[in-house]
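The values are calculated or read from the model by the stated rules, or taken from the named source; none is laboratory data. All of these numbers come straight from a predicted model, not from anything done at the bench. Glycine also receives a Cβ, built like all others from the backbone with ideal geometry; neighbour counts cover every protein chain displayed. These area figures cover heavy atoms from the full protein model, side chains too; ligands, DNA and RNA do not enter into them. Shrake-Rupley method; radii C 1.70, N 1.55, O 1.52, S 1.80 Å.
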Amino acid sequence: MASKPGILTDWPWTCLGNFKYLVLAPWAIQETYSFVVSDESERDLSHFLIFPFLLLRMLHSQIWISLSRYHTAKGSNRIVDKTIEFEQVDRERNWDDQIIFNGLLLYLGGMYVKGGDHLPLWRTDGIVLTALLHAGPVEFLYYWLHRALHHHFLYSRYHSHHHSSIATEPITSVIHPFAEHIAYFVLFAIPLYTSVATGTASILSMAIYVIYIDFMNNMGHCNFELIPKWLLSAFPPLKYLMYTPSFHSLHHTQFRTNYSLFMPFYDYIYGTMDESSDSLYEIVLDRKEDTPDVVHLTHLTTPESIYYMRLGFASLASKPHNSTWYLWLLWPVTLWSMMVTRIYGRTFTIERNVFKHLKLQTWAVPKYKIQYYMQWQRESINNLIEDAILAAEEKGVKVLSLGLLNQQEELNGVGELFVRRHPKLKVKLISGTSLAVAVVLNSVPKGTSQVVLRGNLSKVAYSIALALCQGGIQVTTLREDEYNKLKARLSIEAGKKLVLSKIIASKTWIVGDGLSEDEQLRAPKGTVFIPYSQFPPKKIRKDCFYYNIPAMLAPKHFQNVDSCENWLPRRVMSAWRIAGILHALEDWNVHECGNVMFDIDKIWQASLEHGFTPIMMSTDSKLH
């Protein structure tokens, strides 16, 4: 919000929240019904297409968002290095309000403006007129309006809201107070209204003009340079007729230069062009991809998880992953994304972060959780992981955290398979098991004398059981097969603290994948469920507490955090991800794969020293 919000700052439908789209419903339903029931000669295609056109604009903007986040995460041709945080994502969450606003005005214009209905599909003279009016009056008037908005009176009340974002994203282009959008619509309506008034308007002339505005707005704020040098070399006058992302980025970093809308010639005419525009363009075009110090490998969990990734919907990615009913409406897109990930067939960069002097990246393997349990998928998954490891080796990455990819130890022995295949690897492979165990052990309430251990046994589970038994805490198992497997791994002395029992008295349960609903129902009231796996148990008890999976709160100097890690709250990181960072910070020059375990107390202390804070209970847990 602006520093001194003026009148008409908020949108009229702000109070409706996610139901704001309902303001379009009467118009869209009426025009659709009218088009279907009317005779062919009376059908108004121009009105009928307004709603599909609005959806097309939303899709267009979303493609730009994903493209921009992908490029800036990789680092190639990135313009501004300043980080983006949750505050900016929240501020720009209402980017679609202007599309709703434009839709309402298009419906009203079609009904009440003479000549605004039954438009033809195409008219060449209308296209020419629209282009001339944009290059002339629109660009000129916008330039001076923009300069006026930078006067301290208007800037503090309106335009400062837009300039709160230094490192811009495509949707930053439309983040303005409501009053500003009214002024912009009046400006952009000049070509549209004139073409209607002169009888030269057409469906495509209007659609192309609006898409042109969206395209140029998104491109100018995408924060990576994509205009090739050969294009400006082949057509030198183009630099006066089309701005570049680097040109407009200077307006967001310098504030008092490069005011033009899309055509920079007014900045040249009035002497407001930033002198570094050309040099910055050259520099960012030559910028190569970042070489990260630490890479965290992850994968998709469910088909709809693509929307919760940083490359998906920014508003969803900024919240913990939680099934949302309306995503089922996007099943065609979901199916398409599944096909793309299958065809693409290699890891891709989804996020970059900064921690002190370390450059961090997150890479995603295009496989879903269920595929890790399929025997016939193992070779394919291991090949993808191995390719990612070799790519990290070639880039000079110091540490690669296996993250979610070590959930099935049968898959590759928690990374041991790759160390055996490539014994001279310089990049260190980290499973994160040691820190996960440390987090779980430090989550057990003080004074606990007995715990229940239930879930699919893993390296983490065995290590937790051993540490608890050695610490004098009784570990109760509910299933005989789990008891026997644990007994075989424990020493004789530690095994004395391991018991098999059907009677449950302990209110501290350490649980993993495989915990059934029936078993949860057997737990006493007030039981604390502490997960040791990377996937949380389904919460079915309202009279119990559910802790987060092994995770910690990241310190403030962990930067460029604008998305949540799967189902974890904001700025909370899984132990498996943190372990890779600690490994690089402490310069531990060893792998943590297979049966290798670090000293639990040592890695726990290292996490605290570097600013990570324990976080135990889920934010939505309540005891009734």
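Below, the figures for the structure above:
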| read-out | value |
| --- | --- |
| Residue check, Arg571 under 25 Å from Asp513 (Cβ atoms) and at pLDDT 95 or above | no |
| Breaking point among (1) free of Cβ contacts under 8 Å to residues at least 60 places away in the same chain; (2) under 30 Å from Phe355 (Cα atoms); (3) of a type in the set (Lys, Arg), for Lys496 | (2) |
| Residue check for Val499: touching a Phe, Trp or Tyr at 6+ places or on another chain (Cβ under 9 Å), open to solvent by 10 Å² or more (accessible area, probe 1.4 Å), of a type in the set (A, V, I, L, M) and outside any helix (DSSP H, G or I) | yes |
| Counted residues, the stretch 107-121 - those being outside any loop (DSSP other than H, G, I, E, B) and open to solvent by 50 Å² or more (accessible area, probe 1.4 Å) | 3 |
| The stretch 577-592, subset open to solvent by 10 Å² or more (accessible area, probe 1.4 Å) and among the hydrophobic types (A, V, I, L, M, F, W, C), residue farthest from Leu425 (Cα to Cα) | Leu585 |
| Close pairs from the stretch 327-347: first over 14 Å from Tyr308 (Cβ atoms), partner open to solvent by less than 70 Å² (accessible area, probe 1.4 Å) and assigned to a helix (DSSP H, G or I), Cβ under 7 Å, at least 6 apart | Met338/Pro303; Arg346/Leu384; Thr347/Leu384; Thr347/Ala388 |
| Conditions (1) in a loop (DSSP other than H, G, I, E, B); (2) open to solvent by 20 Å² or more (accessible area, probe 1.4 Å); number of the one not met by Cys222 | (2) |
| The listed residue being in a helix (DSSP H, G or I), at pLDDT 95 or above and open to solvent by 60 Å² or more (accessible area, probe 1.4 Å), out of Tyr268, Tyr281 | Tyr268 |
| Failed item in (1) of a type in the set (A, V, I, L, M, F, W, C); (2) surrounded by 14 or more Cβ atoms within 10 Å (Cβ to Cβ); (3) part of a helix (DSSP H, G or I), with Met273 passing the rest | (3) |
| Candidates Ser563, Ser607 - the one that is outside any loop (DSSP other than H, G, I, E, B), polar (S, T, N, Q) and either open to solvent by less than 10 Å² (accessible area, probe 1.4 Å) or at pLDDT 95 or above (or both) | Ser607 |
| Contacts under 6 angstrom Cβ, first residue in the stretch 590-613 being in contact (Cβ under 8 Å) with a residue 60 or more places away in the chain, partner open to solvent by less than 70 Å² (accessible area, probe 1.4 Å) and charged (D, E, K, R), 6 or more apart | His591/Lys428 |
| Residue check for Lys229: within 21 Å of Phe140 (Cβ to Cβ) and among the charged types (D, E, K, R) | no |
| Subset of the stretch 456-474 [surrounded by fewer than 24 Cβ atoms within 10 Å (Cβ to Cβ) and either aliphatic (A, V, I, L, M) or in a loop (DSSP other than H, G, I, E, B) (or both)] | Asn456, Leu457, Ser458, Leu466, Ala467, Leu468, Gly471, Gly472, Ile473 |
| Residues that are open to solvent by less than 20 Å² (accessible area, probe 1.4 Å) and either of a type outside the set (S, T, N, Q) or assigned to a helix (DSSP H, G or I) (or both), drawn from the stretch 157-173 | His159, Ser160, His162, His163, Ala167, Glu169, Pro170, Ile171, Thr172, Ser173 |
| Matching helices (runs of 4 or more DSSP H) fully within the stretch 296-405 where at least 3 residues are at pLDDT below 90 and either within 28 Å of Ser76 (Cα to Cα) or open to solvent by 20 Å² or more (accessible area, probe 1.4 Å) (or both) | 331-344 |
| Filter result for the condition that a residue is free of Cβ contacts under 8 Å to residues at least 12 places away in the same chain, farther than 30 Å from Phe348 by Cα, out of contact with any Leu (no Cβ under 8 Å at 6 or more places or on another chain) and hydrophobic (A, V, I, L, M, F, W, C), over Phe48, Phe19, Phe101 | Phe19 |
| Residue count for the stretch 8-30, restricted to those that are outside any loop (DSSP other than H, G, I, E, B) and either under 27 Å from the mean Cα position of the chain (by Cα) or under 16 Å from Ser160 (Cβ atoms) (or both) | 9 |
| Condition check for Tyr33: open to solvent by 40 Å² or more (accessible area, probe 1.4 Å), in a helix (DSSP H, G or I), at negative phi and free of Cβ contacts under 8 Å to residues at least 12 places away in the same chain | yes |
| Count - residues of the stretch 423-474 that are free of Cβ contacts under 8 Å to residues at least 60 places away in the same chain and among the polar types (S, T, N, Q) | 4 |
| Some residue of the stretch 429-436 being touching a Cys at 6+ places or on another chain (Cβ under 9 Å), at pLDDT below 95 and open to solvent by 10 Å² or more (accessible area, probe 1.4 Å) | no |
| Cβ pairs under 6 Å, 6+ apart, first in the stretch 377-403 and within 14 Å of Gly415 (Cβ to Cβ), second of a type in the set (S, T, N, Q) and assigned to a helix (DSSP H, G or I) | Asn382/Asn412 |
| Whichever residue in the stretch 84-102 is assigned to a loop (DSSP other than H, G, I, E, B) and open to solvent by less than 30 Å² (accessible area, probe 1.4 Å) and, among such residues, is nearest to Leu192 (Cα to Cα) | Asp96 |
| Condition check for Pro5: in contact with a Lys or Arg (Cβ under 8 Å, 6 or more places away or on another chain) and part of a loop (DSSP other than H, G, I, E, B) | yes |
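Residues are listed down the side, and each one gets a yes or a no for (1) among the aliphatic types (A, V, I, L, M); (2) open to solvent by 30 Å² or more (accessible area, probe 1.4 Å); (3) part of a loop (DSSP other than H, G, I, E, B); (4) under 22 Å from Val414 (Cα atoms):
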{"residue": "Glu493", "(1), (2), (3), (4)": "no, yes, no, no"}
{"residue": "Ala505", "(1), (2), (3), (4)": "yes, yes, yes, no"}
{"residue": "Trp509", "(1), (2), (3), (4)": "no, no, no, no"}
{"residue": "Gly514", "(1), (2), (3), (4)": "no, yes, yes, yes"}
{"residue": "Leu521", "(1), (2), (3), (4)": "yes, yes, no, no"}
{"residue": "Gly526", "(1), (2), (3), (4)": "no, no, yes, no"}
{"residue": "Gln534", "(1), (2), (3), (4)": "no, no, yes, yes"}
